[in-house]
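Here the structure comes first, spelled out in structure tokens, and everything after it is commentary.
Quick note: the coordinates plus some simple rules give every number you see, no bench work behind them. Please read these numbers as outputs of a predicted model, since none were measured by experiment. Note that each Cβ is placed from the backbone with ideal geometry, even for glycine, and that neighbours are counted across all protein chains shown.
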């Protein structure tokens, strides 16, 4: 999303309608990124543990994948960075929507700028995760079939359940309905 480099003031040509469009774009981008992150997460959790622990990726990428898709400590409430960003984005977009509903454009502008910064970080993370999962996918395709013991599969499924439970619900769970994602994407392209 291209966002103005200046904030709201009395000389700013942006009006309520423009801010509503920016909010719609940010919401659509959030839903699209959420869908992508969830898809990557399910793919990560389907990997055999031996592949995750192997050396197909440089150490920093393995660490990023683990930190992005596994809960570090469920009791401490530490969330993976993408999950924390998605939750904060949802909250920020709700605040921007509330500010627009009472015509407080300067507040809406601040919330939308914060949302754009979070979206930029989420896009950056997702790019690295897409690459990493591609390397993992290639490793699995080129390797022999992995046999996992039932207790290892159980451990992997528990980790997936804990990760999935930490994900924020998105508006109308758009990530499930790919047709809705396509429609949102088309609306975003029409606005740009």
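Counting every Cα pair in the range 83-154, what percent are over 15 Å apart? Don't jump to the answer; show the numbers that get you there.
Values: 1740 of 2556 pairs.
Result for the distance tail: 68 percent.
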| request: Would you order 17, 111, 45 from fewest to most other beta-carbon atoms within 10 Å of each residue's own beta-carbon? | output: 17, 45, 111
